[in-house]
1. Nearest 10 degrees is fine. How inclined is helix 75-86 to the longest principal axis of the chain, computing both from alpha carbons?
2. How much of the accessible area of the chain, in percent, comes from carbon and sulfur atoms when a 1.4 Å probe is used?
3. Quick check on the chain: helices-only [θ] at 222 nm, where DSSP H runs of length 4 and up contribute -39,500 (n - 2.57) each and the sum goes over total residues. Nearest 500, please.
4. HN-Hα J couplings of region 13-29 from phi, Karplus 6.51/-1.76/1.60, θ = phi - 60°, integer Hz, Gly and Pro as x?
5. Once the dipole of region 88-181 is set up with Lys and Arg at +1 and Asp and Glu at -1 on Cβ about the Cα centre, which of ILE114, GLY90, ALA168 lies farthest towards its positive end?
6. For VAL67, which sequence-distant residues (separation of 5 or more, or a different chain) have an amide H within less than 5 Å of its own amide H, given hydrogens modelled in the peptide plane?
7. Applying the Karplus parametrisation 6.51 cos²θ - 1.76 cosθ + 1.60 with θ = phi - 60° to the phi angles of region 92-99, what ³J(HN,Hα) value in whole Hz is obtained for each residue in order, glycine and proline being reported as x?
8. Can you give me the accessible area per residue for the chain, using a 1.4 Å probe, in Å²?
Amino acid sequence: MSERGPIDYWLSDMDGVLVHEGRPVPGAEEFIGRLSASGKPFLVLTNNSIYTRRDLSARLAAAGLRVPAESIWTSALATARFLADQRPEGSAYVIGEAGLTTALHEAGFVLSDIDPDYVVLGETRTYSFSQITRAIRLIEGGARFVATNPDPIGPSPEGSLPACGAVAAMITRATGVEPYFVGKPNPLMMRTALNVVGGHSERTAMVGDRMDTDIVAGVEAGLETILVLTGVTGKDEIARFPFRPHRVVASIADLIDLV
């Protein structure tokens, strides 16, 4: 891969990069500490739309990582910003939790099931059949369909859970309407994050553990991409993809000296 300049802005995925199964990845605390001390703008990104920034900051703190709320960017926040740009002070019927509803409220949206501009689907611990039915009927009636992320399953202590992408597929099958997914791998997620930190793509790195979401989104947004091998994608899987990360490292600990 071609050489790039120094990294002045950092974007990092959360699960699989900084934390794994609720515990910090070795080196994550030092990496975040180095970033904070350097003054370089950074954001921790997640496709999870359940939690607010403050919720996630508290959860990371419980794992020993001090990440201020303003340094966290979620698919819910990216979705709210996208919708506010598309239709200021619009309305939406929302399936999701506090992370999504709070973001939309703060973006000036009215949440309503009466002739809304959008149906917005996010993550929730308990998808309601009655809510899904209402969403289908509203989309049939002309509401635009937006979803926070395409992830089909999510983890739980008992095993996999259906996630936003799987429920979106059910609604699409019923209505024939495909959603617009805002979160990774949509590079829009990266571009909104870049706007938040005031960064330029040529001087920004994206650190992730998944080739099919983090790395492809970073490539399409023109960022320097760094794959860590502490999450989903294994070293032997990289060659299967038609795109490559700029760097592959064992873990976030290998990036401390780059800050």
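1. 60 degrees
2. Ligands and nucleic acids excluded, carbon and sulfur give 50 percent.
3. -9500 deg cm²/dmol
4. Computed from phi, the couplings for region 13-29 are 5, 9, 5, x, 10, 9, 10, 9, 6, x, 10, x, 5, x, x, 5, 4 Hz.
5. ALA168
6. ALA61
7. Karplus-based 3J(HN,Hα) across region 92-99 equals 8, 8, 10, 10, x, 10, 4, x Hz.
8. I get 47 Å² per residue for the chain.
The values are calculated or read from the model by the stated rules, or taken from the named source; none is laboratory data. All values derive from a computational prediction rather than experimental measurement. Here Cβ is always computed from backbone atoms with ideal geometry, including for glycine, and neighbour counts include all displayed protein chains. Only protein heavy atoms, including side chains, enter the accessible area calculation; ligands, DNA and RNA are left aside. Shrake-Rupley method; radii C 1.70, N 1.55, O 1.52, S 1.80 Å.
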